[in-house]
Amino acid sequence: FPVENTRNFSIIAHVDHGKSTLADRLLELTGAIDKTENNKQVLDKLQVERERGITVKAQTASLFYNYEGKQYLLNLIDTPGHVDFSYEVSRSLSACQGVLLVVDANEGIQAQTVANFFLAFEAQLSIIPVINKIDLKNADPERVEKQIEKVFDIPGDECIKISAKLGTNVESVLDAVIKRIPSPKAHCRNPLRALVFDSTFDQYRGVIANVALFDGMVSKGDKIVSAHTQKTYEVNEVGVLNPNEQPTHKLYAGQVGYLIAGMKDVTEAQIGDTLYLHKQPVEPLPGFKSAKPMVFAGVFPIDQSEYNNLKSAIEKLTLNDSSVMVHRDSSLALGAGWRLGFLGLLHMEVFNQRLEQEYNASVILTTPTVPYKAVLSSAKLIKEYREKEITIINPAQFPDKSKVTEYLEPVVLGTIITPDEYTGKIMMLCQARRAVQKNMMYIDQNRVMLKYLFPLNEIVVDFYDSLKSLSSGYARDKAYSVGKTICERLKDSLPRQLFEIAIQAALGSKIIARETVKAYRKNVLAKCYGGDITRKMKLLKRQAEGKKKLRKVGNVEVPKDAFIKVLKTQ
Ligand code: GDP
Ligand code: MG
């Protein structure tokens with residue numbers, strides 16, 4: 001296919017602004033799928049995506065379109081909108097020359113619109129703003145057009161106003177893709193240079209790599225080399241995604257497609273890798289900044305006999321999702337398991353759900369934490385740890401205060417867009433979360449964009465909910481409420497013993513919460529009939545002493561489901 005008639009583009013937007021729905025219409029218009037009532041987010045193939053109504057994984061589709069008498073090949077990549085998956089967006093963008101930036105005509109520019117715009121802008125892609133949902137009663141496309149002018153400095157008349165749901169004006173989107181996005185700068189005559197921008201794992205066929213060809217061609221039977229591992233493979237199959245895999249004879253420079261080459265091992269198909277032909281080495285393409293996990297949680301099999309199953313499930317799923325960081329871990333209570341790093345809480349939940357749904361593995365997930373750093377206080381310690389700063393991803397490994405000069409915590413720059421009547425309340429909420437204000441700007445007459453530097457720990461779990469409900473009053477230190485909840489849960493889950501058990505949550509040496517599990521009282525007086533009160537007193541006293549001793553020496557056997565109850569996030 002001629003390179004000059006090829007266009008590679010992504011659809012990017014805030015969550016729910018209509019990316020996947022627009023993709024449906026583009027697939028229909030170009031005949032890739034039949035036009036029926038039932039086409040709802042057809043590119044969202046994963047069960048988790050369909051259930052949650054969100055896109056988690058970027059999806060590619062190659063479309064053919066006739067425009068002014070010429071046949072064009074349009075490679076579309078639908079991307080997720082949620083902040084946790086923005087690494088999927090940036091990877092997709094590396095295979096593209098342009099983007100459709102979709103903005104909801106009612107909601108206007110939202111935080112992820114801004115973030116995604118900058119990803120495309122920094123990648124120097126052509127940006128086509130698309131104002132969607134003009135059919136909504138409260139739609140105000142003119143206002144959104146002005147926001148786009150103000151925030152992104154894009155002339156308002158470049159905005160295309162559509163309804164993806166009804167299909168209104170969607171042809172002009174395709175026309176703009178052809179007119180405004182340049183064709184890839186790729187040359188078939190050069191030696192093969194293919195970027196692996198995504199990969200999925202198929203149980204039967206092994207690794208399926210999504211590739212963008214920057215130069216050359218590749219076909220079945222070719223010998224290819226991974227620049228990363230220097231391993232050689234024979235190509236078994238190449239093809240385009242239409243949106244399902246459709247084998248072709250060849251893939252050409254400028255195309256986006258898939259390639260299967262007998263890569264079996266999880267480490268073989270590195271995302272960001274460059275593939276070239278055997279004996280025709282090329283300069284590797286710039287890879288990707290690897291995704292940085294920011295939320296860590298322990299993952300354990302519910303039963304240790306399932307350890308190996310879970311291990312292989314995690315290995316396979318991490319191939320489909322290489323942004324998950326995997327460390328081995330073990331816990332006295334839960335046995336052998338892993339500590340996994342995720343990009344955010346939604347990412348963690350989605351990973352867990354995929355383990356269950358796609359690999360039939362059920363797991364115990366512990367409360368998520370963020371990574372901290374500790375700066376060590378002495379040369380001796382630095383030698384011992386072989387580092388000045390140690391990263392702590394597991395709270396159980398927090399080094400003692402005496403060893404540390406300071407602790408460092410991760411911070412994030414957050415963008416909040418809000419109607420201005422809430423600005424005051426939101427500022428209070430941010431302050432309560434130890435955030436530092438960086439910027440404030442009106443994006444239209446009554447909408448404000450705020451930028452804050454947040455300690456990640458303060459926002460990772462429930463900030464979004466608080467922001468939505470705006471119930472401030474967070475004056476109390478969070479440690480107290482967390483400590484109290486855990487103590488209460490333990491109290492409810494621990495079986496009673498012969499002695500009283502105190503459950504305490506401590507912050508350093510300070511006790512911040514306490515609950516008591518009452519003792520069973522064995523009736524030591526059962527055999528005392530009649531009235532010798534002193535004897536009764538003696539027996540009770542002995543019982544109390546015995547209990548005291550027991551409490552001191554006795555270990556409370558904590559049953560496993562108590563741990564599960566306490567550690568489970570819900
Ligand atoms: P994505 O998260 O950006 O991929 O958004 P989706 O395509 O999943 O759409 C989110 C919701 O908006 C769905 O319920 C769609 O039916 C709805 N939606 C998408 N486009 C339109 C539109 O043009 N008009 C209306 N009224 N709803 C739309
Ligand atoms: Mg979507």
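The values are calculated or read from the model by the stated rules, or taken from the named source; none is laboratory data. None of these values were measured; they are calculated from a predicted model. Don't worry about glycine lacking a Cβ; one is built from the backbone with ideal geometry, like all the others, and counts go over all protein chains shown. All accessible areas refer to the heavy atoms of the entire protein, side chains included, with ligands and DNA or RNA removed. Shrake-Rupley method; radii C 1.70, N 1.55, O 1.52, S 1.80 Å.
Things worth noting here:
- The string of couplings for region 158-165 from the Karplus curve (6.51, -1.76, 1.60, θ = phi - 60°) is 7, 6, 9, 9, 9, 10, 5, 5 Hz, one whole number per residue in order, with x for Gly and Pro.
- The alpha carbon convex hull volume per residue for the chain rounds to 212 Å³.
- The distance between label points at Glu68 and Asp153 comes to 2.9 nm (points 7 Å beyond Cα on the Cα→Cβ vector).
- Accessible surface of the chain, 1.4 Å probe: 50 percent of it comes from carbon and sulfur atoms.
- Relative packing of 209-218, 376-385, 312-321, which averages over residues the other C-beta atoms within 10 Å, highest first: 209-218, 312-321, 376-385
- Residues of the chain: accessible area per residue with a 1.4 Å probe, Å²: 51
- Shown here for region 192-286: GluC sites (Glu not before Pro) in loop regions (DSSP other than H, G, I, E, B) with at most 15 other Cβ atoms within 10 Å, of which there are none.
- Derived scalar couplings between HN and Hα for region 70-75 equal 10, 8, 10, 9, 10, 9 Hz in order, rounded to whole Hz, by the Karplus curve 6.51 cos²θ - 1.76 cosθ + 1.60 (θ = phi - 60°), x for Gly and Pro.
- Top positive-direction residue, dipole computed over the chain with Cβ charges, set Val42, Phe499, Phe197: Phe499
- Candidates per trypsin sites (Lys or Arg not before Pro) in region 60-152, loop by DSSP, up to 10 other Cβ within 10 Å: Lys137
- Amide H to amide H, with H built 1.01 Å from N, Met217 comes under 5 Å of Leu192, counting only residues 5 or more places away or on other chains.
- Residue-wise HN-Hα couplings along region 324-332, as the Karplus relation 6.51 cos²θ - 1.76 cosθ + 1.60 with θ = phi - 60° gives them from phi, are 7, 9, 10, 10, 6, 8, 8, 9, 4 Hz; Gly and Pro carry x.
- A cut-off of 5 Å between modelled amide H atoms, ignoring neighbours fewer than 5 places along the same chain, links Thr168 with Ser163.
- Residue-level accessible surface for Tyr442, protein heavy atoms, 1.4 Å, Å²: 100
- Sparsely packed loop sites in region 57-107 (the GluC sites (Glu not before Pro) outside DSSP H, G, I, E and B with at most 11 other Cβ atoms within 10 Å) comprise Glu68.
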